[in-house]
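The values are calculated or read from the model by the stated rules, or taken from the named source; none is laboratory data. From a predicted model like this one, the values you see are computed outputs, not experimental measurements. Cβ coordinates were reconstructed from backbone atoms using ideal geometry, including for glycine residues, and neighbour counts include every protein chain displayed. Surface areas here come from the heavy atoms of the whole protein model, side chains and all, with no ligands, DNA or RNA. Shrake-Rupley method; radii C 1.70, N 1.55, O 1.52, S 1.80 Å.
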Amino acid sequence: MTGTIKLGDLTVNRIGLGTNRLTNTDENQRFLQEAVGLGINFIDTAYRYQAGASESTIGEALAPYDGVVIATKGGWDNDRPEQLRGFLEESLQRLQTRCVPLYQLHRVNPDVPIEDSVGELQKFRAEGRIRYIGLSEVTVEQIKRAQAVAPIASVQNEYNVAVRKHDDVVDYCTEQGIAFIPWYPLGGLSGGTAAVESIVADLADKYEATPQQIALAWLLKRSPMMLPIPGTLSLDHLKSNQGAGRINLSDEDYKDLKETS
Ligand SMILES: NC(=O)c1ccc[n+]([C@@H]2O[C@H](COP(=O)([O-])OP(=O)(O)OC[C@H]3O[C@@H](n4cnc5c(N)ncnc54)[C@H](OP(=O)(O)O)[C@@H]3O)[C@@H](O)[C@H]2O)c1
């Protein structure tokens with residue numbers, strides 16, 4: 001089994017679902033309901049995804065969310081802290097809820113101190129509009145500055161078998177008990193480096209798995225705080241992604257991949 005991870009006092013299964021391509025169709029609503037039936041209980045979305053359709057599909061399919069933790073995001077790189085309240089209100093409406101379990105600052109505005117944006121999110125927490133605060137695409141220094149203002153429950157940065165520029169952030173999150181949510185978790189399996197692709201292909205043969213499962217199993221072994229959210233609109237792919245939790249890479253195989261770029 002994939003196991004679980006703590007997000008504040010919430011417990012979720014360690015393979016979640018990313019929904020940046022989700023549009024509001026009956027088929028996609030059924031897909032979400034079936035995904036939950038298969039054990040998905042952590043779903044990542046954002047104010048920006050499909051101009052709000054990702055959130056509204058989730059709201060129509062799953063509200064009132066029996067045991068399913070929804071993580072959304074607001075605030076892009078030009079947005080000001082005072083705009084966050086409006087984004088949150090729209091997200092709450094589309095998600096058909098009064099409180100978002102995890103609200104992530106999607107991007108840090110380079111012209112605004114991160115303390116100001118996180119301070120705004122802390123107000124939403126105090127009002128009971130969001131339960132936990134997360135960050136996205138941040139450095140260790142930015143996380144530390146944010147932590148001085150409010151508890152940080154999660155960090156979502158690009159990370160996969162081939163893109164390891166945030167290794168220091170993964171290590172810091174592990175040490176701090178912050179969930180690390182790698183976006184583009186299946187990246188690097190084609191069109192990346194030949195060395196990584198070749199090791200992944202060999203491991204897929206060895207473990208009788210798909211390359212995607214090897215990539216996810218490697219992430220799960222990278223840190224106990226790792227919470228991948230592979231994005232899919234296919235139930236077969238979703239089941240296969242969940243199956244990655246059953247693959248126990250040996251320390252040597254894990255290291256081979258870790259040391260290859
Ligand atoms: N914080 C940020 O700035 C940020 C940026 C980008 C994404 N995200 C979040 O991260 C999530 C994941 O990232 P992502 O969707 O960009 O990349 P990803 O999860 O690495 O890859 C998604 C792609 O892989 C395919 N796929 C999924 N499972 C598969 C499987 N078992 N076998 C073969 N193909 C498979 C999907 O197509 P099918 O539909 O055919 O399965 C889709 O084309 C997003 O959905 C979004 O929620 C966040």
The relative contact order of the chain, taking Cα pairs under 8 Å that sit 6 or more residues apart, comes to a percentage of 19
For region 172-214, the accessible surface attributable to carbon and sulfur atoms (probe 1.4 angstrom, ligands and nucleic acids excluded) amounts in percent to 50
Extend 7 Å from the Cα of Lys258 along its Cα-to-C-beta direction; within region 216-241, residues with backbone N under 18 Å of that point are 216-228
Placing each pseudo-label 7 Å from Cα in the direction of the beta carbon, Lys239 and Asn20 end up separated by a distance in nanometres of 2.7
Trypsin sites (Lys or Arg not before Pro) in region 1-104 lying in a DSSP loop, each with at most 16 other Cβ atoms within 10 Å of its Cβ, come to Arg21, Arg98
Taking r as the C-beta separation of Asp168 and Asp251 and R0 as 30 Å, the FRET efficiency to the nearest 0.05 is 0.90
Between the Cα axis of helix 84-95 and the main Cα principal axis of the chain, the angle (0 to 90°, nearest 10) is 70
Rounded to whole angstrom, the alpha-carbon centroid of region 171-206 lies from that of region 1-31 at a distance of 19
Spelling it out for Ile181: with amide H atoms placed in the peptide plane at 1.01 Å from N, the residues 5 or more places away or on another chain with amide H under 5 Å from its amide H are Val155, Gln156, Asn157, Leu227
To the nearest Å², the heavy-atom accessible area per residue of region 178-261 with 1.4 Å probe amounts to 45
Violations at 19 Å Cα threshold for listed pairs Lys206/Lys258; Lys221/Lys255; Lys73/Lys123; Lys73/Lys258 -> Lys73/Lys258
Result for region 33-82: accessible area per residue, probe 1.4 angstrom, in square angstrom, of 39
Going residue by residue through region 249-261, the Karplus relation 6.51 cos²θ - 1.76 cosθ + 1.60 with θ = phi - 60° gives ³J(HN,Hα) values, rounded to whole Hz and with x marking Gly or Pro, of 5, 5, 4, 5, 5, 4, 5, 3, 6, 4, 8, 9, 9
What helix-only [θ] at 222 nm does the chain give? Using -39500 (n - 2.57) per DSSP H run of at least 4, over all residues, to the nearest 500, the answer is -12500 deg cm²/dmol
On the accessible surface of region 1-111, probed at 1.4 Å with all protein chains in place, carbon and sulfur together account for a percent value of 44
Under the rule rounded for a/c under 1.5, else prolate if a/b exceeds b/c, else oblate, using alpha carbon gyration tensor axes a ≥ b ≥ c, region 40-158 is classed as prolate
Computed curve, region 168-261, Cα-only Debye sum without solvent term, log₁₀ I(q)/I(0) at 0.10, 0.14, 0.19 Å⁻¹, is -0.25, -0.50, -0.92
In order over region 176-183: 3J(HN,Hα) from phi, Karplus 6.51/-1.76/1.60, θ = phi - 60°, whole Hz, x for each Gly or Pro, gives 8, x, 9, 5, 9, 10, x, 8
Per principal axis, largest first, the Cα atoms of the chain extend in Å by 51, 43, 32
With x for Gly and Pro, the residue-by-residue ³J(HN,Hα) of region 131-143, computed from phi through the Karplus equation 6.51 cos²θ - 1.76 cosθ + 1.60 at θ = phi - 60° and given in whole Hz, is 9, 10, 10, x, 10, 9, 6, 10, 9, 4, 4, 5, 5
